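Shown next, in C-alpha cells, is the structure this report addresses.
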Amino acid sequence: MTIRPDPLSLEIGAGKSSTVDILVEDVTDLYGFEFEITFDPAVLEVVDADPGKEGVQIGAGDFLSPDWTLENTVDNDNGTIAYALCQLNPSPPQSGDGVLATIIWRGKVMGTSPITFTHVLLAGRDGIPIPADTQDGQITVEEPSIKLTKEADPTVVNPSDAVDYTIQVENTGNPDLTNVTVDDHLVGCTLSGPSGDDGDGVLEPGETWTYSCSITAGEDDIENTATVEATDEAGETVSDSDTATVQVKPLPTITSLSPDSATAGDPAFTLTVNGANFVSGSTVHWDGAARTTTFVSRTQLTADITAADIATVGTANVTVVNPAPGGGTSNALPFETTEFGPITPSIYVYLPLVSKNAGFHRHIYLPLILNND
C-alpha cells in the first residue's frame, strides 16, 4: 500500500498554477489519515483552496468523507503542509485507490522542488494504524529565457579594415526552445551558423548556438543590434537583443613639412608637420624610425630631428603613426638633404676701370655681385 503525489513529476510555468493529488493505492478499510509534506518555498507556493477561512488550506479529496478535519495548515514561508482527516459514523471505511487531498501549486521562480513526505499515518475505524509506504515527487518550475550576446573584433578600426562579429544565443531557462530566429540587419553581414546545435534544431537548457559574420568598415562608426526570438513547449515567445559598437578612426594625413629640406651637416632642428587626424600620442617617423614628437593640435605636430639625420645627402620619408587601437600610418612626404644650401639669386654689375699704360687707355671691367636679400 502506497501514498504518493499524482503525478509524481510535474512541470509548471513561473506564475502558473497546477493541481497535484495525494493518492493512496491498495488500501483496505481506511477511515482516517494524517500526513506532513515539505517543499522548497523559494520555488513553489500553495494556493489557498478555501480563501474564506483564515490561513492557507489544501483541498479535501473524494476518497473519504470529510466529516472531521483535524488539521489543515500550510506554511508557505517555511515550505510545510500538515493535513489530517477522519470520518465519523455512519460513514463506512474505504478500500482500494483514491484521492486523499488536492494541492494547488503555483510556480514562483525557475527551479525544481522535491515534494517529500516527512510523516504519514493511516488508520482503520478502530484506530489501528495501517502500514503504508510513501513515494516522494517533484515539481519543476519552468521559466523560458534566452540570452543573446553580440561581440565585434576589433572594436576600434581604420576605414577599410575587416570587422568580425560573433553572436551567441544561450538557453538560460529550463524548457526546450524551438523556432530560434536570429536577425542582424547590418549591411554586409551575412550570418553563418549556428554551430553548437546537436542536430535536432532544439535549443536545450544550457545549450549555446554561435553565429558569425564579417564586414568591411566604412568611414563612420558602426553601431548595430542583433535580436533573437524563440518559443517554448507551451508556445510562449522569448526574445533578447544586444548591440555591438565599433569605432572607426581615420588615418592621419600629412599635407606639408616645414622646413622641407636642409643642407648636409646642418645642426639639429625642429620639424613642423602639418596635416589632419593627429592625436595625442601621434609620432613623427623619419625613414620609419620614431622621433621625439610634440602634439600641438589635431592638425599639427613638431618633431626633434637630430644632426645625424641630415649629416649626409639624401631623401628621408616623413610619416605620422597614430597609436593603437585604431592607429595607422599616414602618407609619406619627402625631406631633402642637399650638398649645398639654397641658392640665393644674385645681380652682377660690371664697373669700368681705366688703365693708362704705354700711351694708350684700356678699360677693365670688374664684377660687383649684389645678393638679392
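Quick note: the coordinates plus some simple rules give every number you see, no bench work behind them. Note that the coordinates shown come from a computational prediction; the quantities given were computed from them, not determined experimentally. When we count neighbours, we look across all protein chains shown, and the Cβ atoms used for this are built from the backbone with ideal geometry, even at glycine.
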task: Work out the P(r) tail for region 146-248: percent of alpha carbon pairs separated by more than 18 Å, whole number.
output: 46 percent
- request: Can you give me the three principal axis dimensions of region 287-342 from its C-alpha atoms, in Å, biggest first?
  value: 42, 19, 18
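With charges only on Cβ, +1 for K and R and -1 for D and E, what is the dipole size of region 146-248 about its Cα centre, in debye, rounded to 20? Display every interim value, and only then the final one.
Details: 2 positive and 23 negative charges, 45 e Å.
About 220 debye.
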- prompt: Percent relative contact order of the chain, based on C-alpha pairs within less than 8 angstrom and at least six residues apart?
  reply: 12 percent
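When ranked by the protection proxy of mean other Cβ atoms within 10 Å per residue, highest first, what sequence do the peptides 327-336, 24-33, 200-209 form? Please report the intermediate quantities before stating the final value.
Values: 327-336: 16.7, 24-33: 19.4, 200-209: 15.0.
Result, highest mean Cβ count within 10 Å first: 24-33, 327-336, 200-209.
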- prompt: Can you tell which of E229, E11, E54 shows the greatest fluctuation in a Gaussian network model of the chain with Cα springs below 10 Å?
  reply: E54
Pair N89, A289: separation of 7 Å Cα→Cβ label points (nm): 11.8 nm
field: Potential extension, V202-T178 segment - 0.36 nm per residue separation minus Cα distance
entry: 8.1 nm
statement: Unit-weight point scatterers at every alpha-carbon of the chain, Debye formula, q = 0.06, 0.07, 0.09, 0.13 1/Å: log10 I(q)/I(0) is -0.56, -0.64, -0.77, -1.03
message: Need the full-extension length gain, T263 to D304, defined as separation in residues times 0.36 nm minus the C-alpha distance. One decimal, nm.
response: 13.1 nm
field: region 253-338, relative contact order [Cα under 8 Å, separation at least 6], %
entry: 36 percent
- prompt: How would you rank 279-291, 158-170, highest first, on the average number of other Cβ atoms within 10 Å across their residues?
  reply: 158-170, 279-291
task: Provide Rg over Rh for region 257-305; use the alpha carbon set for both Rg and the Kirkwood Rh (inverse mean inverse pair distance).
output: 0.97
- request: Give me the number: length gained by fully extending H185 to E339, i.e. 0.36 nm times residue separation minus the C-alpha to C-alpha distance, one decimal in nm.
  value: 49.3 nm
query: What Cys residues in the chain have no fellow cysteine's beta-carbon under 4.7 angstrom?
result: C86
field: Given K108/K147; K16/K53; K108/K150, the pairs whose alpha carbons are separated by over 25 Å
entry: K108/K150
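Taking the Cα centre of the chain as origin, sum charge times position over the Cβ atoms of Lys and Arg (+1) and Asp and Glu (-1), and report the length of that vector in debye to the nearest 20.
3720 debye
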- request: In whole angstrom, note down how far apart the Cα centers of region 314-329 and region 18-41 are.
  value: 82 Å
